[in-house]
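Some notes on the structure that comes next.
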Amino acid sequence: MTFSIAGRCARTGMMGAVVTTSSMAVGSRCAWAEPGVGAVLTQHRTDPRLGLMILGELKRGAAPQAIIDGLEKRDPNLKWRQLAVLAADGTGAFFNGAKIVSVAKGRIGRNCVAAGNILRNVAVVDAMVEAFEASEDQELAERLMRAIEAGDAAGGELKQLKSAGLLVVHRESFPYVDLRVDLNSRPLVELRFLWEFYQPSAANFVVRAIDPDQAPPGAG
């Protein structure tokens, strides 16, 4: 009951993911990213432990598909999961567990990988990838937002969406963007509102952290 996309900006090296679902607090449970390492989405009977585990393997140099192949061999519960993994070089892989009986799909695109389950149709995943690829002139967070909105417009999931999350990392140990809608009747509309409100200040928040003498005045 979730659809999502992980993406990379080839110009800046930013990595990130966006996700939405019909349950609560999806941003805290399903999306993971680390600068210079990669981005991971773990969904459908979600095991949040997989996010950090997969990032750790990416950091050690393992390829996305090799990581998934290894998890299949040693994790008997993986058959319940859906995964999307994107490395810092833009290579990706996805996994649809055998026990996912709903309409589900994964797709690798150019510097992105998308996945969804309990969907109205598989076009949801295709729409996300195609929207992401068509917006290379935009910054990564905006591309991810356009992608998830395209997936919703293509049909979305069967149940009413209730939460969403947008995560982007760049050079620092903390996220460049980490916005979450934990319970809302229109979470993607709210996430769009939050992103457009946050976007003009995003770079300044980084400056405040690493070089406060150069930061413009303001709270936060």
Under 27 Å, Cα to Cα: Lys pairs in the chain, sequence gap 8 or more or different chains: 13
Can you tell me, using C-alpha contacts under 8 Å and at least 6 residues apart, the relative contact order of the chain as a whole percent? 24
GNM, the chain, Cα, under 10 Å: largest mean-square fluctuation among 185, 201, 135? 201
Taking Cα atoms, the helix 140-153 axis meets the longest principal axis of the chain at an angle in degrees (rounded to 10) of 40
Considering only protein heavy atoms and a 1.4 Å probe, what is the carbon-and-sulfur percentage of the accessible area of the range 1-92? 54
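Return one whole number: the accessible area per residue of the chain in Å², for a 1.4 Å probe.
So the chain comes to 44 Å² accessible per residue, rounded to a whole number.
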Run the numbers on the range 69-119 and let me know its relative contact order in percent, using alpha-carbon pairs under 8 Å that are six or more apart. 31
Ranked by GNM mean-square fluctuation in the chain (Cα springs under 10 Å), the top entry among 181, 207, 26 is 207
Tell me, what is the percent relative contact order of the range 1-84, built from C-alpha pairs under 8 Å that lie six or more residues apart? 24
222 nm mean residue ellipticity, helices alone, for the chain (DSSP H n ≥ 4; -39,500 (n - 2.57); rounded to 500): -10000 deg cm²/dmol
Taking Cα atoms only, helix 49-59 is inclined relative to the longest principal axis of the chain by an angle, in degrees rounded to 10, of 70
Going by alpha carbons, how many degrees (0 to 90, nearest 10) lie between the helix axis of 123-133 and the longest principal axis of the chain? 30
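The values are calculated or read from the model by the stated rules, or taken from the named source; none is laboratory data. Treat the numbers as computed from the prediction; the structure is a model and nothing was measured. For accessibility, only protein heavy atoms count, side chains too; no ligands or nucleic acids. Shrake-Rupley method; radii C 1.70, N 1.55, O 1.52, S 1.80 Å.
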